[in-house]
Structure formats: C-alpha cells, structure tokens
Amino acid sequence: MRHAIVIGAGLAGAAVCERLCTRGWRVTLIERHAAPAAEASGNHAGSFHPLIARDGNRMARLTQAGVTYALDYWRTLEATGAQFGWQACGALQLSRGAVHGGAGSDPAVALEQGQQHGGQPGPHKAVAARAVARDGASALAGVALAGGGVFFEDGGWVRPAELVAAQLARCSSLQGTDFVSHFGRAVGQVRRSGGDWQVLDAAGVPIAAAAVVIAAGGASADVARWFGQSTWPIDSVRGRLTVIDARACVAPRLPVHRDGYVLPAIDGCIVAGASYERDGALDASTADRDNLRRLARLLQLPDGVPMAPLPQSRSASRAVALDRLPVVGALPDPAALTHALVTRKGVRLSDLPRLAGAYVAGAYASRGLTWAALGAEVLACIIEGNAPPLDGNLVESIDPARFAFRALRRAGA
Ligand SMILES: Cc1cc2nc3c(=O)[nH]c(=O)nc-3n(C[C@H](O)[C@H](O)[C@H](O)COP(=O)(O)OP(=O)(O)OC[C@H]3O[C@@H](n4cnc5c(N)ncnc54)[C@H](O)[C@@H]3O)c2cc1C
C-alpha cells in the first residue's frame, strides 16, 4: 500500500490526509499538539468568499477556484455523514470609502471593471457577485451597515476545527484504509533513509518513515531546514480573533468584511477579526480593542455598547508566502538547481528537478478555508501523476519551486 506521512493536523494537513485516504493511501499523521486544529485552524469560526480583481489576477482566480472546489467538497463530505458547522449564506465586502464616510467603492468598482473585461478569465467558474448599495447591503445583513459594496453568493462561514475533525474522522472510517495519528509528537528533523523519508523528533527519535512526506500548513516554515531549501520566503504572521457573546449586539446574518470582518452569531458567539501583526505582535487586549472597534464601525454601533471578549478569543499565526499565494507541490532539489538550468531557453518551473517524495501544502495565509481543500486535491493529483483540477498557470503560481527559480534567475541577471 502506498504510504505517506503528513506533518501538521490543521486545515492543510487534515485535507491532505482525507484526499490521500480516499485514494487508498496508507497515511501517518504527525502533530505536535495533543489534538488536531490546536493552532490557526482552531479559531471559533472563519469566513470564505471569492475575490474580485479588476484584471482577474492569479490571486483572484485561485481564490475563486478554491471557493468553488471547497463548496463542492464540503457538500460531498456532508453527504458521507460528516458533521461540521458551516453555512454558505453569502458574504458582503463593504467598500472602503463607505466605512470611512468617503466616496470610494473599491470592490464595487473592481467588479464593474472586471465585468467590462469579460469577468474572471480562465476556465474557472465566474464569480457570482453583485454590487449593492448601503440599503441593499443592510437588508442582506439584517442590520444597518456603514455602507454598500459587493455581495458574494458563494460566501459564508465554517467552524474550522469541526471541519478538521470531520476530515480526520472520515480517514479513520474509510474501509480498508490504514490511518494512524501521532499526536503530541513534534517533528525535529526529516532525513533520507534508503528510499524513504525518515521523520524524527528533536531528540532524534524516529516517529515514522515512508516514501512520501508532506509538510502541511504551518509546518511550512520548517521546510527550509528539513529539506535544505535556501530560498523559502514564508513568514509567520500573528493575528487575533475576538469573540463576544451574541447578546452583546445584533449580529449580521452573513459575514461582513472591510478591513476586518464580523461573522453572524455562531453557537452563541460573534467573531470579530482579525488583527494582522506583521510588524510585531500586539498584546491581546490591544488586538481585542482594535477588533471590537472595527466591529462597531462596520455595524454602526453607538458608543458605549459593552462588549467583553470571551475566553474563546485567541491569537494564532498564519503562514504567508512573499507573493501571498499558497505553496503546494513537490519540493525542488536544491542540489540540482543551477543558474545554467534555470536560464536555459524555454525552461519551465515544471522542468526543475525535485526531491523525490517530498511535498508541501500550505502557506494558506488568511484563506485556509478557501484553499486547503483545493490544495490537498491538487497535491494528491501531483503525487499520483494525474492532472490537477486547476489550469496550468495557476498550478505554476503555487509551485514550491518558484522561489528558488526566481532567485537563481535574478542572481545571474
Ligand atoms: C486570527 C486569524 C483569523 C483567520 N481568519 C480566517 C478566516 O476568516 N478565513 C480563512 O479562510 N482563514 C482564516 N485564517 C487563516 C486560517 O486559520 C489558516 O489559513 C489555516 O488555519 C491554516 O491551516 P494550516 O493547517 O495551514 O495551519 P495550522 O492550523 O497552523 O496547522 C499547522 C499544524 O502543524 C503543526 N506543526 C507545525 N510544526 C510542526 C512540527 N514540527 N511537528 C509537528 N506538528 C507541527 C502545528 O502544531 C499545527 O497544528 C485566520 C487566521 C488567523 C490567525
């Protein structure tokens, strides 16, 4: 039976486990915490929606492809009996100027210009979105909002830890699969041993060995060390979600975004977020105050509405690549990458030599819900040598070899 080791039990890792187990792989999952979804994927809830870009850029196309795939995937997962909290209730992206009282309306303008250019190019489904004025937005949300913007039909919210649990439960329940989890084991090193990858803890104690190893999600930042990648521009960006009692104010009926977001009341709580702490971590109370200020602005709450953060408020880190796109595919072989190779006439990323059996799926930044399922499916197809459900340019845009490729080309320029 084909055997893979997956490192990391968040949205990225759970999706990879599920995609491989359903294909009949033997899968060994390794997670440093005692339970899955203990880091970024453990938030109370998160939102998803497509993205509009005037020029239909790769980020927008990848986000649309991710949303389309995730919606199908979640429905299919549910049809197998899996239970997790989610709703495809749509989502609103308010215009920036509207919130600040100005006249700007960026998402609506981008939508209009995108439509003038024939919508989102490429083979993927066009974004189902429409511009809404303030009254229309407020009617959709069921609360008075600060302005209008764009309504995305394919938006909503998910409880990520429940989704992760549902995916792992499916792995265990599939007939004839061999799915083993090692919780409370932190991977310290990964090394070649014969034809296998051996995964060891920090003390050098072996945890598992297999021909295929996948560094999933937050583990991406360690990949450079484990697999000798000298060009690996993936940062860890902290952020905080603030959770308040749903009785504190009237929640919108759907996620409302601007420079942050507010989610509907989910299991008695309203989620407001999220801080993006690239230039140093904020203390929790400052981040909570900023999140609640954003919530009050979006929902036009009068001053003085008491809102106390509940203990479910939490901070976590997102793995973010320099170009903000995910990192999914086979790792390049650093020893075989040369300037002569990357500057050869007509050379493509896909021509670069890879480390046999070493893969990554992650750097999902603030879009883990949107990208993790598609990323896992793309990765499973790549591992099995099949065509992924994504056009070639987009597959290249998330190729883990792109960083080394560009750096080596630049180095010789
Ligand atoms: C404040 C905040 C708000 C967010 N809001 C949204 C949102 O609304 N919508 C959305 O789509 N996304 C949102 N995100 C992003 C989303 O949470 C992430 O994209 C997603 O959780 C990433 O999943 P992951 O599996 O890649 O990472 P993680 O959930 O971090 O999982 C990685 C796992 O790998 C394990 N691991 C790492 N190193 C090792 C090791 N050496 N050995 C063993 N295990 C290891 C970790 O313990 C962890 O469990 C938000 C993130 C934050 C921080």
Matching residues in the range 42-68 (within 14 Å of the chain's Cα centre (by Cα) and farther than 14 Å from Val127 by Cβ) number 5
Among residues of the range 276-309 being free of Cβ contacts under 8 Å to residues at least 24 places away in the same chain and part of a loop (DSSP other than H, G, I, E, B), the residue surrounded by the most Cβ atoms within 10 Å (Cβ to Cβ) is Asp283
Exercise. Is one or more of the residues making up the range 56-77 acidic (Asp, Glu), more than 9 Å from the ligand (Cβ to nearest atom), outside any helix (DSSP H, G or I) and farther than 13 Å from Arg367 by Cβ?
Worked result: no
Quick check: anything in the range 34-50 surrounded by fewer than 20 Cβ atoms within 10 Å (Cβ to Cβ) and assigned to a helix (DSSP H, G or I)? yes
Quiz item: Would it be correct to say that Val223 is surrounded by 23 or more Cβ atoms within 10 Å (Cβ to Cβ), of a type outside the set (Gly, Ala, Ser) and assigned by TED's automatic domain parsing to the domain that holds Gly357?
Solution: yes
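Go through the residues of the range 337-353 one by one and say whether even a single one is assigned to a strand (DSSP E or B) and either at pLDDT below 95 or more than 16 Å from the ligand (Cβ to nearest atom) (or both).
Quick first cut of the range 337-353, residues assigned to a strand (DSSP E or B) only: none.
Checked against the condition, which is being assigned to a strand (DSSP E or B) and either at pLDDT below 95 or more than 16 Å from the ligand (Cβ to nearest atom) (or both), the range 337-353 yields no hits at all.
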Here the residues within the range 194-219 that are among the aliphatic types (A, V, I, L, M) and assigned to a helix (DSSP H, G or I) are Ala219
Scanning the range 220-274 residue by residue, those near the ligand (Cβ under 10 Å from one of its atoms), hydrophobic (A, V, I, L, M, F, W, C), assigned to a loop (DSSP other than H, G, I, E, B) and at pLDDT below 95 turn out to be Ala274
Taking the condition at pLDDT below 95 and surrounded by fewer than 24 Cβ atoms within 10 Å (Cβ to Cβ), does Ala330 pass?
no
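The values are calculated or read from the model by the stated rules, or taken from the named source; none is laboratory data. These numbers were taken from a predicted model, which means no experiment stands behind them. Cβ coordinates were reconstructed from backbone atoms using ideal geometry, including for glycine residues, and neighbour counts include every protein chain displayed.
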